[in-house]
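See structure below.
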Amino acid sequence: MTDSAAPYTFRIPADPEYLHAVGRAFYNFAYMEWGIVYGIARLRNRPLWEVPVHEPGTTVAAALERAIKSTKLRLSPALRTELRGIARRFRKAVTERNNLLHANPFTDEGGAQRLGGKGHRKWRTEDVLRAAEDFEALSLDVGRVLGGEITKLPP
């Protein structure tokens, strides 16, 4: 931002709706990942500074899998199965987020600026929003299970 009173005008072309979708996807992922980290702390009965707070998603996923296996909480078989499902979905979400994060800008047909990724994948607005919705759905499940059901278990 410059010191003048006039707002800065970005010169790199981008569709505001598209940028909003990209921002929503990254925010939803971060929100969901924080729920996972918090859940790891609960499963391990450790403070947050002893779990992978500022680590890559693959590290967080591995920590979640270890926490599910080694928790001292008395998990029912159904709850343990649900937690494993969350861990699998989280690994897939990490891959999807990384594909979007490491995508490169390109000019699509009609001149729209978009991100393109691995395997010539085009991240259209609806694709980005679908990822954002998937991250949100997982976040809600994480909150219900790791933020709700786990807290009801005796230590």
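Worth a mention:
- The range 95-115, subset in a strand (DSSP E or B) and touching a residue at least 60 places away in the same chain (Cβ under 8 Å), residue farthest from residue 134 (Cα to Cα): 113
- Restricting 143, 117 to those that are modelled with pLDDT under 95, within 22 Å of residue 55 (Cβ to Cβ) and not aliphatic (A, V, I, L, M) reduces the list to 143.
- Residue pairs whose Cβ atoms lie under 7 Å apart, sitting 6 or more positions apart in sequence or on different chains, and linking a residue in the range 133-144 that is surrounded by 19 or more Cβ atoms within 10 Å (Cβ to Cβ) to a partner that is at pLDDT 95 or above and among the aromatic types (Phe, Trp, Tyr), are 135/29; 138/90; 139/31.
- Qualifying residue in the range 23-43 (condition: of a type outside the set (D, E, K, R) and over 18 Å from the mean Cα position of the chain (by Cα)): yes
- Positions within the range 27-41 being of a type in the set (Phe, Trp, Tyr) and buried (at least 20 other Cβ atoms within 10 Å of the Cβ), in sequence order: 29
- For the range 38-61, the set of residues classified as in contact (Cβ under 8 Å) with a residue 24 or more places away in the chain and assigned to a helix (DSSP H, G or I) consists of 38, 39, 40, 42, 43, 44, 57, 58, 60, 61, listed by residue number.
- Residue 59 being β-branched (Val, Ile, Thr) and surrounded by fewer than 13 Cβ atoms within 10 Å (Cβ to Cβ): yes
- Contact map, the range 62-89: residues that are at negative phi paired with residues that are outside any helix (DSSP H, G or I), Cβ distance under 6 Å, separation 6+ or inter-chain. Pairs shown: 63/52; 73/153.
- Leading residue by the ranking (surrounded by the most Cβ atoms within 10 Å (Cβ to Cβ)) among those in the range 116-132 that are part of a strand (DSSP E or B) and under 18 Å from the mean Cα position of the chain (by Cα): 123
- Residues considered: 78, 87. Of these, the only one that is of a type in the set (A, V, I, L, M), within 24 Å of residue 32 (Cα to Cα) and within 17 Å of the chain's Cα centre (by Cα) is 87.
- Filter pass, residue 49 being farther than 24 Å from residue 21 by Cα and either at pLDDT 95 or above or among the aromatic types (Phe, Trp, Tyr) (or both): yes
The values are calculated or read from the model by the stated rules, or taken from the named source; none is laboratory data. Computed from a prediction, not measured in an experiment: that's the story for all the values here. Reconstructed Cβ throughout: ideal geometry from the backbone, glycine too, with neighbour counts over all protein chains shown.
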